[in-house]
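To start, the structure itself, in structure tokens.
Since every read-out is calculated from the coordinates, none of them should be taken as a lab result. Keep in mind that what you see is a predicted model, and the values were worked out from it rather than measured. We place every Cβ from the backbone using ideal geometry, glycine too, and count neighbours over all the protein chains shown.
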Amino acid sequence: MCGRARCSLGREQVLAAAGVGEDRWRDYEKFLPKYNLGPGSRTPIVRRDKKGDAELQTMTWGLVPSWTKKEDKLDFFRMFNARSETVPEKTVFSRLLGSKRCVVLLNGFFEWAQEHKTKQPYYIHFDGDRVMRMAGLYDSWQDAEGNWLTTYTILTTDSSKRLQWLHDRMPVILPDAQAEEAWLQDGVLDSKEYAALCAPYDGDDLQWYPVTTAMSKPDFQGPECCKPLKRQSIANFFKPKKAAQGVIHQLVHDY
DNA sequence: CCAGACGTTGTT
DNA sequence: GTCTGG
DNA sequence: CCAGACGTTGTT
DNA sequence: GTCTGG
């Protein structure tokens, strides 16, 4: 599952990741890089225009369908994920699958492991901080004043073998340029191709480490959200401070 | 025909 | 908008 | 997703 | 436990 993420990419990084110039980023001024964001936040999204050319648009995470009533209170948390397995059957998502596919650009995302009575957050990212691309669907809604709001949802799939210890669901991560092209390309997706694109990403360049529990608060910002947590062993904890200072704290990434 | 819903996750 | 239920 | 609140009455 | 707010 995927309900919290990092998108602290600079403007140039976003443009480079999308492969477009600055004139091809709609609402770029509405994107503010954040280390800790959730539904309701705005991030850069890649999609194709009518000609089939790549285009960026800052959109809000959390799908608000176009038919949402003007008087309804917006809820960005209701549809921030879509189960890829059932998207073709669900009316709310299937209507977007043919022509409203998009790619979400992120540094990585967070998952919480239930450890005894506490929840330990983990930051999941690509080796070398390679930009992460997730498969998404978007829609536009118009408020009573006529202002347009464009929102998106992130597709989820079963967790990969490597990530299963942490959660049973994970976002649909597009592994390479070819997959991104297939997801964004105009027209209806063949169901086999769709299933292949939604397969759990299991490459060993996907890595993770525990981070401070302070970032569990949605409003906690700052780079500490994504810094490896230094967890001392019990043995080191009882050693004199001076001795402990020299210890290189080992991070347990795998189980 | 009209009315009403339209979602995911985790946890027990 | 579009599908399901009555 | 996690965090935090979760209530009524009468009076000003 | 369950709902609301971010």
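Percent antiparallel among DSSP beta bridges with both residues in the range A:1-99, to the nearest 5?
Values: 9 of 11 bridges.
If we restrict to bridges inside the range A:1-99, about 80 percent are antiparallel.
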When A:Arg101, A:Arg83, A:Arg4, A:Arg78 are arranged by how many other beta-carbons sit within 10 Å of their Cβ, fewest first, they go A:Arg78, A:Arg83, A:Arg4, A:Arg101
Beyond 22 Å between alpha-carbons counts as too far, so tell me which of A:Lys161/A:Lys217; A:Lys90/A:Lys119; A:Lys51/A:Lys100; A:Lys69/A:Lys100 fall in that bin. A:Lys161/A:Lys217; A:Lys90/A:Lys119
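Once fully extended, how much extra length lies between A:Val92 and A:Arg26, figured as 0.36 nm per residue of separation less the alpha-carbon to alpha-carbon distance?
Values: separation 66, 0.36 × 66 = 23.76 nm, distance 2.52 nm.
Between A:Val92 and A:Arg26, full extension yields 21.2 nm more.
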If you count the DSSP beta bridges with both ends in the range A:5-245, what percent of them are antiparallel, to the nearest 5? 85
May I ask you to list the aspartates and glutamates whose Cα is less than 20 Å away from that of A:Lys192, ignoring any residue fewer than eight positions away on the same chain? A:Glu85, A:Glu89, A:Asp158, A:Asp176, A:Glu180, A:Glu181, A:Asp202
Eigenvalues of the alpha-carbon gyration tensor of the range A:5-245, times 5 and square-rooted, give semi-axes in Å, largest first, of 33, 20, 18
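Report, in deg cm²/dmol and to the nearest 500, the calculated mean residue ellipticity at 222 nm for chain A, where each DSSP H run with n ≥ 4 adds -39500 (n - 2.57) and the sum is divided by the residue count.
Details: 6 runs with 40 residues, N = 255.
About -4000 deg cm²/dmol.
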How do A:Thr58, A:Thr91 rank when sorted from fewest to most other Cβ atoms within 10 Å of their own Cβ? A:Thr91, A:Thr58
Compute the distance in nm between two label points, each set 7 Å from the Cα along the Cα-to-Cβ direction, one at A:Ala113 and one at A:Glu181. 3.8
Subtracting the Cα-Cα distance of A:Val188 and A:Asp202 from 0.36 nm times their residue separation yields 2.4 nm
What is the distance, in nm, between label points placed 7 Å from the Cα along the Cα-to-Cβ direction at A:Thr213 and at A:Ala195? 4.2
Would you list A:Tyr152, A:Tyr123 from fewest to most Cβ contacts within 10 Å? A:Tyr123, A:Tyr152
